[in-house]
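Have a look at the structure below before the remarks.
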Amino acid sequence: MTTASEPAASILSVPPELIHHILASCSPTDIATFSKVCRISYDLVYSGDQFLWRELFLQHYDDPRKAILTLAIDEAAFSAESFNWKNELQRRTEAEIIVRQTPHDRRRALEILISATIQALPASRNLEEQERPSYNLQWLDRVLRETHILSQIVPQNDSEMIQLYSRLRAYISLTHDPSTNEESRQAVAARRIESRCFVYDIRNYKHITYWGPFLTNGSVNWQHIEHLANVVLTNLRELPGLWAATVPPLGLENTRAFSAPGPYSDTDWAGVEGTWRRYVCFMDYRDLFTFNYSNVAHGPRNPEFFRDSRFREATRLIEIKLQLVTQSQLRFHDPAPDSENLKTRYPTLFFCGTSRGISGNEAKIEGNVSIGIDGTVRWTFVSAYGAVHHSSTLWCSKGVQLGGIASAAGIVGSWSTSMHEQGDPVGPFWLWKVPHAHSGPLMDFT
């Protein structure tokens with residue numbers, strides 16, 4: 001017990017190193033409050049080295065130094081030596097406050113949320129090492145669920161915001177929309193119609209967008225990717241039996257780098273070699289033509305077309321087996337040249353293989369995996385049935401890996417013919433890797 005002549009014990013009399021250790025176990029908001037007590041407490045928080053901020057950051061988020069090796073480009077802008085622990089912690093705290101409390105600066109907040117997925121802890125490539133979940137993705141999943149920010153309407157004239165919202169929606173892939181009540185079922189049904197209108201609008205596939213889900217500058221068109229994913233997943237939700245249970249690995253955890261089944265090697269950085277499953281969806285060509293060019297259902301391209309109860313969309317589950325080859329071994333796939341200005345640690349990979357459906361008909365596949373100008377992993381491949389010659393119909397697919405390199409979530413994209421002639425059929429696909437001994441059935445709904 002102290003007397004009037006004895007000063008009360010104060011935490012500020014404790015050595016600074018010990019105070020830092022104590023503060024490292026507190027929340028960022030508690031530390032902000034502590035810093036306002038007096039000048040000494042302010043200096044303890046904001047002066048000195050990065051020790052406190054590093055320890056505090058690692059209490060809540062993944063160690064970004066472990067994600068460096070999974071970053072495809074722009075290494076100079078992000079390295080272990082240059083990472084500013086205080087600034088990044090403040091940025092993420094600010095982003096959460098923005099999405100919870102204010103409609104202002106949403107663009108900046110969404111960019112920070114997306115950066116947290118890019119810096120997420122990669123999955124372990126050592127099978128004997130116990131897997132740890134990603135703190136980044138747990139935090140992001142909680143923020144998105146609690147704020148419902150992704151359900152908000154985005155102005156159609158704000159293309160940048162549309163891309164940011166769509167990227168996050170593509171990453172969560174309807175896992176926040178379980179359709180367990182009538183309101184959510186109606187919301188998903190409306191989104192399905194919107195996505196079908198976008199995916200099956202032939203005008204969205206043209207030379208200036210590289211005949212796939214890309215923008216004219218070569219970056220990924222995340223709005224297109226979101227709609228492609230929605231079409232596949234909503235189709236699976238309404239199909240009976242094994243269909244609804246046979247889905248690609250979904251959710252933010254499955255966007256982590258190297259979360260797909262291995263093995264991996266320095267030469268196969270994308271985990272190409274092995275067994276894959278692929279969903280392909282398509283409209284009857286007569287329906288596709290009618291939707292795009294006729295006046296049926298107050299068309300062309302009227303959403304009412306997809307509200308007709310008689311409309312049916314085909315869905316097919318295919319097995320694919322791939323192996324790496326050299327570019328000189330490709331026989332019918334002519335890959336586009338890499339960008340000369342792109343600095344990436346991952347060279348383009350080339351592969352060949354086979355594709356087999358429930359009917360047993362086997363197609364030959366050739367393609368490549370490369371890094372896009374925005375650091376995303378791109379897959380391009382061509383498939384052909386029977387003997388390949390100059391008049392063969394080749395089917396071309398272009399997709400984007402959801403999340404990091406070799407993510408379990410796989411690749412979402414679009415397919416069409418390799419000739420890309422006006423009126424050619426188009427549709428969505430979803431490709432994901434399975435264990436080599438995977439024995440799940442192949443299926444066909446037409």
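Things worth noting here:
- The sole residue among 192, 185 that is open to solvent by 20 Å² or more (accessible area, probe 1.4 Å), assigned to a helix (DSSP H, G or I), touching a Ser or Thr at 6+ places or on another chain (Cβ under 6 Å) and modelled with pLDDT under 90 is 185.
- Taken residue by residue, the stretch 130-150 has at least one member that is open to solvent by 20 Å² or more (accessible area, probe 1.4 Å), among the charged types (D, E, K, R) and touching a helix residue (DSSP H, G or I) at 6+ places or on another chain (Cβ under 8 Å).
- Top-ranked residue in the stretch 220-240 [being touching a residue at least 24 places away in the same chain (Cβ under 8 Å) and in a loop (DSSP other than H, G, I, E, B); ranked as farthest from residue 414 (Cα to Cα)]: 239
- Number of the condition not met by residue 233 [criteria: (1) of a type outside the set (S, T, N, Q); (2) surrounded by 22 or more Cβ atoms within 10 Å (Cβ to Cβ); (3) within 20 Å of residue 308 (Cα to Cα); (4) out of contact with any Leu (no Cβ under 6 Å at 6 or more places or on another chain)]: (4)
- All told, residue 256 falls short of being surrounded by fewer than 23 Cβ atoms within 10 Å (Cβ to Cβ) and in contact (Cβ under 8 Å) with a residue 60 or more places away in the chain.
- If the condition is being closer than 22 Å to residue 276 by Cβ and either in a helix (DSSP H, G or I) or open to solvent by 40 Å² or more (accessible area, probe 1.4 Å) (or both), then the stretch 301-318 contributes only 316.
Listed here are the residues, each with its yes/no results for (1) within 22 Å of residue 376 (Cβ to Cβ); (2) of a type outside the set (A, V, I, L, M).
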{"position": "103", "(1), (2)": "no, yes"}
{"position": "107", "(1), (2)": "yes, yes"}
{"position": "124", "(1), (2)": "no, yes"}
{"position": "133", "(1), (2)": "no, yes"}
{"position": "137", "(1), (2)": "yes, no"}
{"position": "143", "(1), (2)": "no, no"}
{"position": "154", "(1), (2)": "yes, no"}
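- Failed item, numbered, when residue 411 is tested on (1) of a type in the set (A, V, I, L, M, F, W, C); (2) buried (at least 20 other Cβ atoms within 10 Å of the Cβ); (3) farther than 21 Å from residue 384 by Cα: (3)
- Inspection of the stretch 262-279 finds no residue satisfying the criterion of being outside any loop (DSSP other than H, G, I, E, B) and over 23 Å from residue 360 (Cα atoms).
- Residue identified as under 22 Å from residue 329 (Cα atoms), without any contact (Cβ under 8 Å) to a residue 60 or more places away in the chain, out of contact with any strand residue (DSSP E or B) (no Cβ under 7 Å at 6 or more places or on another chain) and among the small types (Gly, Ala, Ser) among 353, 367, 360, 386: 386
- Single residue of the stretch 406-446 satisfying the filter (β-branched (Val, Ile, Thr) and at pLDDT below 95) that is nearest to residue 218 (Cα to Cα): 417
- The selection criterion, being among the hydrophobic types (A, V, I, L, M, F, W, C), part of a strand (DSSP E or B), over 16 Å from residue 274 (Cβ atoms) and in contact with a strand residue (DSSP E or B) (Cβ under 9 Å, 6 or more places away or on another chain), holds for residue 429.
- Residue 47 being surrounded by 12 or more Cβ atoms within 10 Å (Cβ to Cβ), at pLDDT 70 or above and over 30 Å from residue 271 (Cβ atoms): no
- Condition check for residue 75: surrounded by 13 or more Cβ atoms within 10 Å (Cβ to Cβ), at pLDDT below 70 and of a type in the set (D, E, K, R): yes
- Close pairs from the stretch 15-30: first of a type outside the set (S, T, N, Q), partner open to solvent by 70 Å² or more (accessible area, probe 1.4 Å) and part of a helix (DSSP H, G or I), Cβ under 7 Å, at least 6 apart: 19/11; 24/59
- Some residue of the stretch 266-284 being over 25 Å from residue 218 (Cα atoms), at pLDDT below 90, open to solvent by 80 Å² or more (accessible area, probe 1.4 Å) and within 29 Å of the chain's Cα centre (by Cα): yes
- In the stretch 155-182, the residues that are open to solvent by less than 40 Å² (accessible area, probe 1.4 Å), part of a helix (DSSP H, G or I) and among the polar types (S, T, N, Q): 163, 166
- Residue check for residue 400: touching a Leu at 6+ places or on another chain (Cβ under 7 Å), open to solvent by less than 30 Å² (accessible area, probe 1.4 Å) and either closer than 18 Å to residue 356 by Cβ or modelled with pLDDT of 95 or more (or both): no
- Looking at 418, 407, just one residue is of a type in the set (S, T, N, Q) and within 22 Å of the chain's Cα centre (by Cα), and that residue is 407.
- Residue that is least open to solvent (accessible area, probe 1.4 Å) [pool: residues in the stretch 91-112 that are of a type in the set (S, T, N, Q) and at pLDDT below 90]: 102
- Residue selected from the stretch 353-362 under the condition surrounded by fewer than 19 Cβ atoms within 10 Å (Cβ to Cβ) and not basic (Lys, Arg), by the criterion modelled with the highest pLDDT: 354
The values are calculated or read from the model by the stated rules, or taken from the named source; none is laboratory data. Here the structure is a predicted model, which is why all the values come from computation and not from measurement. FYI the Cβ positions are ideal-geometry reconstructions off the backbone, even for glycines, and counts take in every protein chain you see. Please note that ligands, DNA and RNA were not included when accessible areas were found on the heavy atoms of the full protein model with its side chains. Shrake-Rupley method; radii C 1.70, N 1.55, O 1.52, S 1.80 Å.
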